[in-house]
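Q: Sharing a structure with you now.
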Amino acid sequence: MSSFMQRQFVPYAILCRLGGCFYIQNFRKPLENAEVTWKTLYTVYSALIVSFFFAFEMSSIIKISFVFRDLSRAFTASLMLLLRCMLCLKILVNTATMATGSSRLLEFFEKSSTYETISGFSPASRGVRGLWRHRWSFFCRSLVVLGVISTYVMLTMYFTVSLMKLLPANLRFLGIPSGVLFGVNYILYDALPYMVLRSCSAVLVDYLQAQLKSFESCCKSRSARCDRQLPRQLEVIRYNLGVIRDLKDSFNAIWHVPLAAMSAGLILLVCVVWYAIFYEGLFAPQITLSASYCLYSSFAFIDMACVSQALTDEAQKLKNVTKIAFTFEVTDGYTQQLRYLHETIDPDDMCLSGGGFFRLNKSLLVSMAGTMITYTVIISQTSDGLTNNATPTN
């Protein structure tokens with residue numbers, strides 16, 4: 001029987017499998033049958049798709065001067081070229097991470113399945129109150145979906161037109177299907193960190209909520225249980241929290257580099273797009289596409305930050321509950337286990353991190369917003385007028 005973690009990720013696994021970037025065989029079956037194998041036809045299929053994608057990207061970057069020939073400012077064109085190179089590098093990091101981290105990703109799903117079996121985890125049903133409680137998350141995901149759709153439509157049009165120019169006249173009928181394929185793969189490869197981290201982190205939040213409910217039920221039933229069972233129940237909760245933290249660390253260790261690249265790339269993306277809109281206008285084709293991609297990337301990063309913050313918040317709730325737990329007329333063993341549980345919980349350590357450079361939470365969004373404003377002003381002051389009017393000195 002598949003675990004809840006596995007079931008939540010299966011739709012993304014199917015998309016990645018079709019896109020040639022998911023190397024775990026038989027993932028939709030019980031994990032005992034899943035494996036990472038490379039000597040298969042799927043590896044050839046994956047290599048062909050990824051190779052064609054990056055070959056097209058490199059050819060586009062080489063001919064970038066022709067792509068941006070309608071831009072009136074050379075500095076804007078150079079910034080857009082830099083942005084295109086950064087996005088290509090970011091996608092390269094994502095696909096390489098998915099390939100090299102496949103074995104560890106499978107191990108993560110196996111550990112989560114073992115945890116659900118041992119702890120007796122069952123996902124809570126979400127009623128109307130549950131949907132209202134998660135309204136912000138639903139709103140963010142809706143914005144991400146809208147951003148993906150708009151970006152995909154414009155990417156497909158851009159790739160189709162570019163391929164029409166590259167293909168000979170007798171092969172131009174391949175431009176539309178190839179453009180559709182390249183558009184899907186571009187969005188898919190770019191969104192790999194978001195799909196994996198967001199999906200797995202949301203399930204970890206459910207794990208923490210289940211432990212909070214277990215602690216609350218343990219405190220309420222202290223009069224109906226013998227004293228020996230209460231410390232044992234607290235010890236089980238403490239052990240489960242340690243397993244949850246290890247699960248978070250294991251898949252965070254796989255994706256910390258793409259997460260850091262996603263953060264740095266978003267800062268550059270927002271700065272360049274705002275500069276280009278200010279000096280070139282929003283309705284230049286390349287700038288409209290970049291602006292749509294900027295919105296989608298921003299919403300995706302905000303959604304990830306909110307889910308990562310939810311990990312910290314749930315751990316903090318459990319830590320706060322242990323502070324006010326009833327300790328009158330209880331055994332020393334219960335008090336000791338309660339103290340151990342309280343000292344073990346580290347809310348800040350539960351959120352995702354970007355390679356040790358930052359913690360992914362809401363406070364990071366504020367810092368990044370300030371950085372974006374600062375660098376946008378700096379780039380805006382470095383205008384083409386200053387560059388063109390500058391005279392070399394002897």
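Q: In a Debye calculation with equal point scatterers on the alpha-carbon sites of segment 142-233 and no solvent, what is log10 I(q)/I(0) at q = 0.20 Å⁻¹?
A: -0.94
Q: Additional query: Taking Cα centroids, how far is segment 297-369 from segment 1-52 in Å?
A: 32
Q: If you don't mind, there's one more thing I want to ask. Using modelled amide H (1.01 Å from N, peptide plane; none on Pro or chain starts), what sits under 5 Å from the amide H of S353, excluding residues fewer than 5 places away?
A: Excluding prolines and chain starts, which carry no amide H, the hits are L360.
Q: Moving on to the next point. Whole-Hz ³J(HN,Hα) for each residue in segment 362-367, computed from phi via Karplus 6.51 cos²θ - 1.76 cosθ + 1.60 with θ = phi - 60°, x for glycine and proline: what do you get?
A: My calculation for segment 362-367 gives 5, 5, 5, 4, 5, 5 Hz in order.
Q: What percentages make up the Cα-Cα pair-distance distribution of segment 275-383 when the bins are 10 Å wide from 0?
A: Per 10 Å bin, starting at 0, the Cα pair percentages come out as 12, 27, 23, 17, 10, 7, 4, 1.
Q: Now a separate question. So if we plug the beta-carbon distance of R28 and D206 into 1/(1 + (r/R0)^6) with R0 = 22 Å, what FRET efficiency do we get, rounded to 0.05?
A: Here the calculated transfer efficiency is 0.60.
Q: On a full-extension model of 0.36 nm per residue, what is the gain between V10 and V153, subtracting their alpha-carbon distance, rounded to one decimal in nm? Could you put the intermediate results ahead of the total?
A: Details: separation 143, 0.36 × 143 = 51.48 nm, distance 2.50 nm.
Full extension from V10 to V153 adds 49.0 nm.
Q: Just need the Rg to Rh number for segment 227-320, please, alpha carbons only, Kirkwood Rh. Walk me through the numbers on the way to the answer.
A: Numbers: Rg = 21.1 Å, Rh = 16.7 Å.
Taking Rg over the Kirkwood Rh, I get 1.26.
Q: About the Cα centre, and with charges only on the beta carbon of Lys, Arg (+1) and Asp, Glu (-1), how big is the dipole of the chain? Nearest 20 debye, please. Show your work: numbers first, answer last.
A: Details: 35 positive and 25 negative charges, 136 e Å.
The dipole of the chain has a size of about 660 debye.
Q: Set the Förster radius R0 to 25 Å, insert the Cβ-Cβ distance between L82 and S363 as r into 1/(1 + (r/R0)^6), and round the FRET efficiency to 0.05. Intermediate values should be presented prior to the final figure.
A: On the way: r = 28 Å, r/R0 = 1.14.
In this case the efficiency is close to 0.30.
Q: If you don't mind, there's one more thing I want to ask. Take peptides 262-275, 148-161 and line them up by average Cβ neighbours within 10 Å, highest first, as a rough protection proxy.
A: The most tightly packed comes first, giving 262-275, 148-161.
Q: Give the total of Lys-Lys pairs in the chain with Cα-Cα distances below 21 Å; include a pair only if its members are 8 or more places apart or on different chains.
A: The number of close lysine pairs in the chain is 17.
Q: Same structure, new question: Put a dot 7 Å past each Cα toward the Cβ at D349 and L41; how far apart are the dots in nm?
A: Output for this residue pair reads 4.9 nm.
Q: Could you tell me which of A210, V243, V270 has its Cα farthest along the dipole of the chain towards the positive end, charges placed at Cβ (Lys, Arg +1; Asp, Glu -1), taken about the Cα centre?
A: A210
Q: Given N residues in the chain, what is Rg(Cα) / (2.2 N^0.38 Å)? Mind showing how you got there, number by number?
A: Details: Rg = 24.9 Å, N = 394, 2.2 N^0.38 = 21.3 Å.
The value comes to 1.17.
Q: So, one more: Mean-square fluctuation check for the chain, GNM, Cα pairs under 10 Å: which of N185, N94, N33 is largest?
A: N33
Q: Another question, then. Each residue of segment 17-22 in order: what ³J(HN,Hα) in whole Hz does its phi give by Karplus 6.51 cos²θ - 1.76 cosθ + 1.60, θ = phi - 60°, with x for Gly and Pro?
A: Ordered by residue, 3J(HN,Hα) equals 5, 5, x, x, 9, 10 Hz.
Q: Let me ask you something else. Between L259, Y42, S3, whose Cα lies farthest towards the positive end of the dipole of the chain when Lys and Arg beta carbons carry +1 and Asp and Glu beta carbons carry -1, centred on the Cα centre?
A: It is S3, whose Cα lies furthest towards the positive end.
Q: May I pose another question? Of L105, S119, F75, whose Cα points farthest to the positive end of the dipole of the chain (charges on the beta-carbon: +1 Lys, Arg; -1 Asp, Glu; origin at the Cα centre)?
A: Of the candidates, S119 comes out farthest on the positive side.
Q: I'd like the FRET efficiency for L89 and V161, computed as 1/(1 + (r/R0)^6) with the beta carbon distance as r and R0 of 35 Å, rounded to 0.05.
A: Numbers: r = 24 Å, r/R0 = 0.68.
According to the calculation, E is roughly 0.90.
Q: Could you work out how much longer the chain between Y340 and L146 gets when fully extended? Use 0.36 nm per residue separation minus the Cα distance between them, nm to one decimal.
A: Numbers: separation 194, 0.36 × 194 = 69.84 nm, distance 4.60 nm.
So the chain would gain 65.2 nm between Y340 and L146.
Q: Could you work out how far apart the two model spin labels at I118 and I324 are, taking each label as a point 7 Å from the Cα in the direction of the beta carbon, and quote it in nm?
A: 3.2
Q: In nm, give the distance between the simple-model label positions of S380 and L174, each being 7 Å from the Cα along the Cα-to-Cβ direction.
A: 4.6
Q: Nearest 10 degrees, 0 to 90: what angle lies between the long axis of helix 192-220 and the longest principal axis of the chain (Cα atoms)?
A: 20
Bear in mind that the values in this text are calculations on the coordinates, not laboratory data. All figures in this text were calculated on a predicted structure; none of them were measured in a lab. For neighbour counting, all protein chains shown are included, and Cβ atoms are generated from backbone atoms with ideal geometry for every residue, glycine included.
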